[in-house]
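See below for the structure under consideration.
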Amino acid sequence: MKKITKQTYLDWYQNMLFWRKFEDKLASVYIQQKVRGFLHLYNGQEAILAGALHAMDLTKDKMITAYRNHVQPIGMGEDPKKVMAELYGKSTGTSKGMGGSMHIFSKEFRFYGGHGIVGGQIPLGAGLAFGDKYNNTGGVTLTCFGDGAARQGSLHEAFNLAMLWKLPVIFICENNGYAMGTSVERTANHTDIWKLGLGYEMPCGPVDAMNPIKVAEAIDEALDRARRGDGPTFLEMKTYRYRGHSMSDAQHYRTKDEVEEYKKVDPITQVKDIILEKGYATAEELAIIDKEVKAKVKECEQFAEDSPYPETQQMYDMVYEQEDYPFIS
């Protein structure tokens, strides 16, 4: 794995803080009804993305996930202004405003969504990995899903074929404890989701996903296994979301005290503490980063605000048409 250096910590701090503030801004404009529909935020889970990106080869590896999907393409290289504009439904967005919050997509940066169907991306991730194996690209697909999606039958079908064909895929369960609003304890007779991999003799295990170092180490090992041709890995990333499942979630299933307790292991705070302890930066220097992050988020917001909505014609341009279709006379 690439060495974790002073610059790594500084990059982690800046990136995770930006992702957090980006999502906070989305929450703010959602209340103003500038972003419509559903909105699922990543606050608290940033260490998963930070650690994964440190281990990945962004020239060939891919990522696919569910609808909590705004910051992943940004981390992989997409312009955050375009992501913000997509959420606003503007023509300058990543899908020209036609995808919205739950369907962020970036072919250029190998981010394949953004899926509203719970668990729908799991077999698609295996399919992307099949393509990499067939074409011998050396790429690996990180297939992310929540603890609720771990109950879907499609997971078992994908696990079975991934092991049978030794596909270069890493299945990642981002277990934030409550799925849509029901705790893991109430949805299964076991709480160790990673053990689902044992039934397929798939290498699997739990990861402290509030710590980007632990995430990077686990992902790096899984990437090595996939690139060797030894097939998939299943990792249960034990994390916690500080906001509700979506913006419409009243969060009656947990207490404010519980949320505050988990904030003591906030991944951003953990990285910040290490930076200060090791003297990688002073509090004043971190304050400058904070200010730069806020300015960058404001820039994204302004870009989205100033961008035009799609023209009506675009709706027709997005529909596939085959002029010589043979079955209509």
Item to complete: Give the residues of the range 190-223 that are more than 30 Å from K272 (Cβ to Cβ), part of a helix (DSSP H, G or I) and not small (G, A, S), sorted by residue number.
Response: K195, L196, L198, Y200
Worksheet item: How many residues does the range 189-200 contain that are in contact with a helix residue (DSSP H, G or I) (Cβ under 7 Å, 6 or more places away or on another chain) and exposed (fewer than 15 other Cβ atoms within 10 Å of the Cβ)?
Response: 1
Worksheet item: What number goes with the only condition from (1) over 25 Å from G51 (Cβ atoms); (2) over 24 Å from the mean Cα position of the chain (by Cα); (3) open to solvent by less than 70 Å² (accessible area, probe 1.4 Å); (4) of a type in the set (A, V, I, L, M) that V319 does not pass?
Response: (3)
Response to the item:
With the first residue restricted to the range 39-62 and required to be under 27 Å from N136 (Cα atoms), and the second required to be open to solvent by 10 Å² or more (accessible area, probe 1.4 Å) and modelled with pLDDT under 95, Cβ contacts under 9 Å at 6 or more apart or on different chains are H54/M1; H54/K2; A55/M1; A55/K2
Discussion item. E305 - would you say it is touching a residue at least 12 places away in the same chain (Cβ under 8 Å) and either on the phi < 0 side of the Ramachandran plot or in contact with a Leu (Cβ under 7 Å, 6 or more places away or on another chain) (or both)?
Written reply: yes
Discussion item. I'm told G231 meets every condition in (1) surrounded by 17 or more Cβ atoms within 10 Å (Cβ to Cβ); (2) more than 25 Å from the chain's Cα centre (by Cα) except one. Can you identify the failing condition by its number?
Written reply: (2)
Discussion item. Looking at the range 9-38 only, could you name the residues that are surrounded by fewer than 20 Cβ atoms within 10 Å (Cβ to Cβ) and either among the charged types (D, E, K, R) or within 24 Å of T141 (Cβ to Cβ) (or both)?
Written reply: D11, K21, D24, K25, K34, R36
Item to complete: Only one of these is farther than 18 Å from P232 by Cα and either open to solvent by less than 10 Å² (accessible area, probe 1.4 Å) or of a type in the set (D, E) (or both): D132, D208. Name it.
Response: D208
Discussion item. Could you list, ordered by first residue, the pairs with Cβ atoms under 9 Å in which the first is in the range 185-207 and without any contact (Cβ under 8 Å) to a residue 40 or more places away in the chain and the second is exposed (fewer than 14 other Cβ atoms within 10 Å of the Cβ) and of a type in the set (D, E, K, R), at least 6 apart or interchain?
Written reply: T191/E185; P203/D230
Item to complete: Please specify each residue of the range 27-54 satisfying the condition of being among the small types (G, A, S) and at positive phi.
Response: G37, G44
Discussion item. Tell me yes or no: at least one residue of the range 250-263 is in contact with a helix residue (DSSP H, G or I) (Cβ under 8 Å, 6 or more places away or on another chain), buried (at least 17 other Cβ atoms within 10 Å of the Cβ), closer than 29 Å to Y67 by Cβ and aromatic (F, W, Y).
Written reply: no
Fill in: One residue from K294, K278, K238, K214 being closer than 18 Å to F18 by Cβ, in contact (Cβ under 8 Å) with a residue 40 or more places away in the chain, open to solvent by 40 Å² or more (accessible area, probe 1.4 Å) and among the basic types (K, R)
K294
Worksheet entry | Set L167, L161: member being farther than 30 Å from F38 by Cβ, of a type outside the set (F, W, Y) and surrounded by 21 or more Cβ atoms within 10 Å (Cβ to Cβ) | L167
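The values are calculated or read from the model by the stated rules, or taken from the named source; none is laboratory data. Keep in mind it's a predicted model, so treat the numbers as computed, not measured. When we count neighbours, we look across all protein chains shown, and the Cβ atoms used for this are built from the backbone with ideal geometry, even at glycine. Ligands, DNA and RNA are excluded from the accessible area calculation, which covers all protein heavy atoms including side chains. Shrake-Rupley method; radii C 1.70, N 1.55, O 1.52, S 1.80 Å.
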